[in-house]
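The values are calculated or read from the model by the stated rules, or taken from the named source; none is laboratory data. All figures in this text were calculated on a predicted structure; none of them were measured in a lab. Here the Cβ positions follow ideal geometry from the backbone for every residue, glycine too, while neighbour counts run over all protein chains shown. Only protein heavy atoms, including side chains, enter the accessible area calculation; ligands, DNA and RNA are left aside. Shrake-Rupley method; radii C 1.70, N 1.55, O 1.52, S 1.80 Å.
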Amino acid sequence: MFGIGMQELLIILVLVLVIFGAKRLPEIGGGLGRAIRNFRQASSEPDEIDVTPKSGKPSDENKDA
(Lines give C-alpha, C1' and ligand atoms only; values in the text may rest on other atoms or scores of the structure.)
Protein backbone atom coordinates (compact mmCIF):
# COMPACT_ATOMS: atom_id res chain seq x y z
CA MET A 1 0.00 0.00 0.00
CA PHE A 2 2.03 2.94 -1.32
CA GLY A 3 5.20 1.57 0.26
CA ILE A 4 3.73 1.86 3.77
CA GLY A 5 3.69 -1.35 5.75
CA MET A 6 1.24 -2.36 8.44
CA GLN A 7 3.58 -1.30 11.25
CA GLU A 8 4.10 2.18 9.83
CA LEU A 9 0.39 2.63 9.27
CA LEU A 10 -0.34 1.58 12.85
CA ILE A 11 2.23 4.04 14.21
CA ILE A 12 0.71 6.87 12.15
CA LEU A 13 -2.79 6.04 13.37
CA VAL A 14 -1.65 5.95 17.01
CA LEU A 15 0.06 9.34 16.60
CA VAL A 16 -3.08 10.84 15.06
CA LEU A 17 -5.15 9.44 17.93
CA VAL A 18 -2.77 10.92 20.52
CA ILE A 19 -2.55 14.31 18.82
CA PHE A 20 -6.25 14.87 18.04
CA GLY A 21 -7.99 12.65 20.59
CA ALA A 22 -10.79 10.16 20.15
CA LYS A 23 -13.55 12.80 20.16
CA ARG A 24 -12.11 14.75 17.23
CA LEU A 25 -11.45 11.80 14.91
CA PRO A 26 -15.07 11.54 13.60
CA GLU A 27 -15.06 15.28 12.87
CA ILE A 28 -11.78 15.00 10.98
CA GLY A 29 -13.09 12.01 9.01
CA GLY A 30 -16.28 13.86 8.12
CA GLY A 31 -14.29 16.88 6.98
CA LEU A 32 -12.07 14.72 4.79
CA GLY A 33 -15.14 13.06 3.28
CA ARG A 34 -16.73 16.41 2.46
CA ALA A 35 -13.47 17.65 0.95
CA ILE A 36 -13.17 14.59 -1.29
CA ARG A 37 -16.83 14.90 -2.34
CA ASN A 38 -16.41 18.59 -3.20
CA PHE A 39 -13.24 17.83 -5.15
CA ARG A 40 -15.02 15.18 -7.21
CA GLN A 41 -17.93 17.53 -7.93
CA ALA A 42 -15.57 20.31 -8.97
CA SER A 43 -13.60 18.03 -11.25
CA SER A 44 -16.75 16.78 -13.01
CA GLU A 45 -18.15 20.28 -13.68
CA PRO A 46 -17.42 22.16 -16.90
CA ASP A 47 -14.01 23.83 -17.02
CA GLU A 48 -15.20 27.35 -17.74
CA ILE A 49 -18.23 29.54 -17.26
CA ASP A 50 -19.25 31.58 -20.28
CA VAL A 51 -19.52 35.23 -19.22
CA THR A 52 -19.69 36.83 -22.66
CA PRO A 53 -22.72 39.10 -23.10
CA LYS A 54 -25.49 37.78 -25.29
CA SER A 55 -25.99 39.60 -28.57
CA GLY A 56 -29.40 41.05 -29.15
CA LYS A 57 -31.45 44.06 -28.18
CA PRO A 58 -29.78 46.64 -25.93
CA SER A 59 -31.18 46.75 -22.43
CA ASP A 60 -33.84 49.30 -21.46
CA GLU A 61 -31.70 50.59 -18.60
CA ASN A 62 -29.32 52.40 -20.95
CA LYS A 63 -32.12 54.22 -22.84
CA ASP A 64 -33.17 56.34 -19.83
CA ALA A 65 -29.88 58.28 -19.71
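Could you tell me the accessible area of Ile36 in Å² (1.4 Å probe, neighbours in place), rounded to the nearest ten?
That residue has around 90 Å² of solvent-accessible surface.
Can you compute the FRET efficiency between Arg40 and Ile19 using 1/(1 + (r/R0)^6), with r the Cβ-Cβ distance and R0 = 30 Å? Round to the nearest 0.05.
It comes out at approximately 0.60.
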